[in-house]
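Engineer: Please see the structure below; I have some questions.
The values are calculated or read from the model by the stated rules, or taken from the named source; none is laboratory data. Computed from a predicted model, the values in this text were never measured in an experiment. Here the Cβ positions follow ideal geometry from the backbone for every residue, glycine too, while neighbour counts run over all protein chains shown.
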Amino acid sequence: MTTGAVESRLDRRGSRSGTPAPGPRRRPGAVLARVLGALFTMMAALQLADLAGFVAVLDTFRLGDAGVAWALAAVLLTGEVVSGLWLLFVPRYRPLGPAVVFAATSVLWSALAVQAFARGLAVPNCGCFGVYLAQPLRWWVLVQDGLLLIYATLLLRTAVRWTQAGGDVRTPSLPG
């Protein structure tokens, strides 16, 4: 092969100079958004798989009668489905609304855990996955909720900045 033929061939990465070809890059924030979207979607799916069981789990937080547990289940499920599917499939499209829903859902789960922990309630299942993958309410659940709140804050802050800047609906800059 001649030198010119070698130089004109593309390398394995699709560029002539040895540097990666231009194109979409995976950003850590985009990967985290997909992971959290999958998490919230899976939470909702497992909670819906045994809705009565999920409501019974929420009742262990002792917030009132069964009607309160059903209403809480409806709010949590709606938030998880909306924000989970948005993070999975359309994280770059009109981010403010779904970011608010994600943040509100994270705050609600955290408030449930904190109030039960502070009251010393023995909650055998935190309820994140309904009756499935049960874990008792312990300090590490509060740490997990704290991490969700940190991401929710970053997501919300970025969505607000993007909206205030009048960004193109198709290309906001989300975390990462």
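Engineer: Can you go through Ala44, Ala152, Ala103 and tell me which one is touching an Asp or Glu at 6+ places or on another chain (Cβ under 6 Å) and crowded, with 17+ Cβ neighbours inside 10 Å?
Structural biologist: Working: Ala152 fails: touching an Asp or Glu at 6+ places or on another chain (Cβ under 6 Å); Ala103 fails: touching an Asp or Glu at 6+ places or on another chain (Cβ under 6 Å).
Only one candidate qualifies: Ala44.
Engineer: Would you confirm whether any residue within the stretch 78-95 is surrounded by fewer than 20 Cβ atoms within 10 Å (Cβ to Cβ), at positive phi and either within 23 Å of the chain's Cα centre (by Cα) or at pLDDT 95 or above (or both)?
Structural biologist: So far as the stretch 78-95 goes, yes, one or more of its residues are surrounded by fewer than 20 Cβ atoms within 10 Å (Cβ to Cβ), at positive phi and either within 23 Å of the chain's Cα centre (by Cα) or at pLDDT 95 or above (or both).
Engineer: Quick one: is Asp50 in contact (Cβ under 8 Å) with a residue 24 or more places away in the chain and more than 20 Å from Val31 (Cβ to Cβ)? Steps first, answer last, please.
Structural biologist: Values: in contact (Cβ under 8 Å) with a residue 24 or more places away in the chain: yes; more than 20 Å from Val31 (Cβ to Cβ): yes.
Considered against the rule, which asks whether it is in contact (Cβ under 8 Å) with a residue 24 or more places away in the chain and more than 20 Å from Val31 (Cβ to Cβ), Asp50 comes out as yes.
Engineer: Here is a further query. With respect to Phe61, determine if the residue is under 19 Å from Gly130 (Cα atoms) and modelled with pLDDT under 95.
Structural biologist: Values: under 19 Å from Gly130 (Cα atoms): yes; modelled with pLDDT under 95: yes.
For Phe61, the condition - under 19 Å from Gly130 (Cα atoms) and modelled with pLDDT under 95 - is met.
Engineer: Please enumerate the residues belonging to the stretch 25-51 that are in a helix (DSSP H, G or I), modelled with pLDDT under 95 and farther than 17 Å from Leu85 by Cα.
Structural biologist: Residue satisfying the conditions is Pro28 alone.
Engineer: Return yes or no: is Val131 touching a residue at least 40 places away in the same chain (Cβ under 8 Å), of a type outside the set (Ser, Thr, Tyr) and over 16 Å from Thr60 (Cα atoms)?
Structural biologist: Working: touching a residue at least 40 places away in the same chain (Cβ under 8 Å): yes; of a type outside the set (Ser, Thr, Tyr): yes; over 16 Å from Thr60 (Cα atoms): no.
Taking the combined requirement at face value, the residue does not satisfy it.
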